[in-house]
Every structure is written in C-alpha cells, then in structure tokens.
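Only the coordinates and a few stated rules stand behind these numbers; no lab work does. None of these values were measured; they are calculated from a predicted model. So basically every Cβ, Gly included, is an ideal-geometry build from the backbone, and we count neighbours across all protein chains shown.
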Amino acid sequence: MDAMEEDAEKYLFEKMPVPKAVATLALPTIISQIVTMIYNLADTFFVGQIGDPLMVAAVSLVSPWFNLLTALGNLFGLGGSSLISRMLGAQNHKDIKYVSVFSIWGGAAVTLLFSLGTWSARVPLLNFLGASPDTYGYAEDYLLWVVVLGGMPTMLSLALGHLLRSEGHAKQASAGMMFGGILNVVLDPVFIFIFHLDVAGAAIATALSNTASVVFFVVQYIRLKDKTAVSLNPRHFTFRFVRPIFSVGLASALATALGNASNMVMVHLASGYGDIPVAAYGVVKRIDQFPLNVSMGLCQGFMPLVGYNFAAKNYGRMRKISTFSWKVALMMSACFIAFFAAFAPQILHLFIPETQTSTLGASFLRIACLAVPLTSVNFLISYTLQAMGKGVQSAILTSCRQGLLNIPLLIVMNLIFGLYGMIWTQLVVEIVMLPVSLGLYFYTFRRLKVEEKRSINL
C-alpha cells in the first residue's frame, strides 16, 4: 500500500465528517444488500409466476438451510474483516495477509464439508424441514443446485466482499454483489421459462450468479494489488489468528445460524397447517428480510469505522459514528413499516398471484414488519460490539435472541395461539431483549469513557 493510499485511508477513518464517512462506506453496502435481496427475492418471484404454490413452498423450505451459507460467510469474512479494520487502526499492516488468507481458504474448506454433508443427509433434512410428498422433488432439486453445488461460490462471494470493505473499498465490494444480483435477475427467467427448468432453473441461476461475483472480486484484488494488504495466496495460510477471527465472526454466524434455525422450526410447524401457509410464510420472510438487510448493510458499512477508531482509542469519534447510525436505522425502519402496512396485499400478489396464498401472506407481513425497528437496534448493538472485538458479548446477546428465547417461544406460541401466534413471536422476542441489549451497550461505552479519562489524566 503506497503513502497516498494510506493518507486517503486515514482521512476516511479519522477525519472525514461522520455522516459523510458513514455514507461513504455504508451507502454502497446498503445498495449491495438491496441488490442481494432483490436477487434472493427473484427466485421466489419468478417461481411464483409459474402459479404453483407447491414450487414456492419448496423454495421456502430450502431457503433457511441455504441461508446458513451466509453464516459461514460471516464467520470467516466478517470475523476476518473486523480484525483487519482493528489492525489498520493499530497500524499493523504486516499480519493482514495471514488473516485474509485464512478467512478465504479456511472458509472454503468448511463450506465444502457443509455441502457434502448436506447432500449425504438430504432425505432426513428435507423431511425435517417439512417437505411433503408433493414438494419433496422440487425441494431436492433446489437443494442440489443452490447449496450442494452453489455453496462454495455463495460463501466465497460474501467473504471476499467483507474483506474488501474492511480496507475501505466499499464501492468495489458493492459492485461485486450488484453484478451477481443483476445477473441472477436476468438468468432466472431464462432458466425457468425458456429452458423450462422450473425450481431447478432458479437455483442454477443463483449458483452461476454467485460464481460470477467471485470471479469479479478476484479481478478486483488483482487490480488493487498495490492498494491492498489483503492476500489470496494460500502459502500465507496459518491458524495463528483463528481465535480473534472466530471470537467476532462467531457472533455474526450465530445470528444467522440461529435465525435460520428459527425459520426452519417455523416452517416445520407451519407445514402442519398445509403447503399454503408454508408458501405464504416463505414469501413474507423474503420480503421482511428487505428492511433488515438494509440495516445490516448500514451495520457492515460502519463496522470498519468503529473497529479502526476503537483500536486507535478515538472513542469520541466512535460514539458519534454509532449514534448517527442509530438515527438513520430507526428512520429507515419507520418508512418500511408504513410502506408494508399500506401495500401488503399488492406486494404479496406481485410475488404470488394465487389468491389464497397472497391474502394469507399479506396478513403475515403486516404483523412481521412491526419487529423491524427493534431488530435493527439489536443489530446495531451487536455489530458495534463485534467491531470492537467483543465477540463474546455479542454472541451471548445473539444466542439469547435467536436461540434461548425465539425457538422455545415459537413452539409455545404455536401451541397457545396457533399459526398467527408464531408470526407475533419475533416482536415479543425483540421487546424482551431490547433492555438487555441497551444495558450492555451503555455499560460498554461507560467503561470506555472511564478509560478515556484515565488516559487523559496520565
């Protein structure tokens, strides 16, 4: 990395006005998250246009398992990028190559094992996910292409994007995700309607799109050769930084994994009410993820800023970044709630014209979106802690939200209130967890104030 590049990096992380700095890193990330959601929605949208709820249900059944690849991408990619940002803040450039190589190649090895294990256990897995005799064949096709064969490129595209973002190359990271997203939207109708591959066509389009994103990222790293400390060379592989990478990455991976475990339990319970509720819930979950992914894009954008300034002991700037991000997240959440409440029937009908499924889904969406502001705040707190390297605290919060509370409560709410009880569960969980998250957040920042005063007095 040359001197000019280092000066530009320092200005972005240390001196640029907070709104502008957050916007510089977060806006491209938010845009890439939106595009990612669009191409995730594309599978559901185009399969829905076939007009067969069984196919939509099959995609809905497999989606939570496919999303576990996001957990692996976050475990290695987000864990690595958080550590890299703190290394930059501490002016430690020489170890970045070891962190990045482990994040990529270690993640690739684990994903390969995950994909092979998935195919070996596909029969009991699909039965657990709630596949009926009518949806099993479609679900198996989707699982093969999107997880077993497409698992590696999906994980690698996420991890490579995180690493690019850690050094402030947010535009390149977002461009790669957008490239893959746009390609998926183009390929979906080609494989589904022109080649008549139905559900398998949607999965093939997703796998090819993520592969194209990986190629794009590799090209970017080749072009940025003199402007990045990140390396892809496997000869730098070492287990030396496993603990600091996993201590942060595990929190984000747990959030994704437990969130998808909750979705799998929800889909399994919903399958007891028939294929129509499964299809409706699956569409709603894809739509409801849209505002959450926007919040996640904001979080992933400000993480390098928080991590850098924490390592540099610039706590005042770190607090300003966090406070500004909170305001933005809450404002965006309010807009999404209003939009979904007003246009829920039209949105659902757009994705699946079949009346019974879209009507049920509209009522689900109006309930589910109420949790968005609280979920966004809990996200922001968790990602802030991760950026500071406090992965254990973040993991505890996540485990409580998505595991200890959500899954048991889903079962209880289903037993007491039935199908709609499960839809209300996420809101109840977020309300219970919010005081806990806020308490930990303010306690952490009070400790930093004490440390700041102590260093001034010395």
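If you take every residue apart from V123 with its C-beta less than 15 Å away from the C-beta of V123, what net charge results, scoring Lys and Arg +1 and Asp and Glu -1?
For residues surrounding V123, the net value is -1.
Quote to one decimal, in nm, the extra length available between T238 and Q91 on full extension: 0.36 nm per residue of separation minus the C-alpha distance between them.
Using 0.36 nm per residue and subtracting the Cα-Cα distance, I get 50.8 nm.
Can you report the principal axis dimensions of region 328-458 using only the alpha carbons, biggest first, rounded to whole angstrom?
Principal extents (largest minus smallest coordinate, Cα): 70, 32, 19 Å.
Which length gain, in nm to one decimal place, applies between A342 and V412 when the Cα-Cα distance is subtracted from 0.36 nm times their residue separation?
That pair, A342 and V412, stretches by 22.2 nm at full extension.
Once phi is turned into ³J(HN,Hα) by the Karplus curve 6.51 cos²θ - 1.76 cosθ + 1.60 with θ = phi - 60°, what whole-Hz value does each residue of region 195-212 show in order, with x for glycine and proline?
For region 195-212, the Karplus curve yields 8, 6, 8, 6, 4, 4, x, 4, 5, 4, 4, 5, 4, 5, 5, 5, 4, 5 Hz.
Could you give the nm distance between label points at F445 and A334, where each point is 7 Å from its Cα heading toward the beta carbon?
Modelled inter-label distance: 1.9 nm.
Which order do the peptides 21-28, 186-193 come out in when sorted by mean C-beta neighbours inside 10 angstrom, highest first?
21-28, 186-193
Provide the net charge surrounding F379, with neighbours chosen by a C-beta distance below 11 Å and charges set as Lys +1, Arg +1, Asp -1, Glu -1.
So the environment of F379 carries a net charge of 0.
For region 293-309 and region 335-355, compute the distance between their C-alpha centroids and round to whole Å.
29 Å
Net charge around A42, counting only other residues with Cβ within less than 14 Å of its Cβ (Lys, Arg = +1; Asp, Glu = -1)?
-1
Could you run the Karplus curve 6.51 cos²θ - 1.76 cosθ + 1.60 with θ = phi - 60° over region 335-351 and give me ³J(HN,Hα) per residue in whole Hz, x for Gly and Pro?
Once θ is set to phi - 60°, the couplings for region 335-351 become 5, 5, 4, 4, 5, 5, 4, 7, 10, 3, x, 5, 4, 5, 5, 5, 7 Hz.
If r is the Cβ-Cβ distance from F195 to L224 and R0 is 45 Å, what FRET efficiency results, to the nearest 0.05?
Here the calculated transfer efficiency is 0.75.
Mind checking Rg over Rh on region 62-178, alpha carbons, Kirkwood formula for Rh?
Rounded to two decimals, Rg over Rh is 1.10.
Given the C-alpha atoms of region 3-450, compute the convex hull and give its volume per residue in Å³.
Value for region 3-450: 125 Å³ per residue.
Compute the acute angle (0 to 90°) between the alpha-carbon long axis of helix 79-89 and the principal axis of greatest extent of the alpha-carbon atoms of the chain; round to the nearest 10°.
20 degrees
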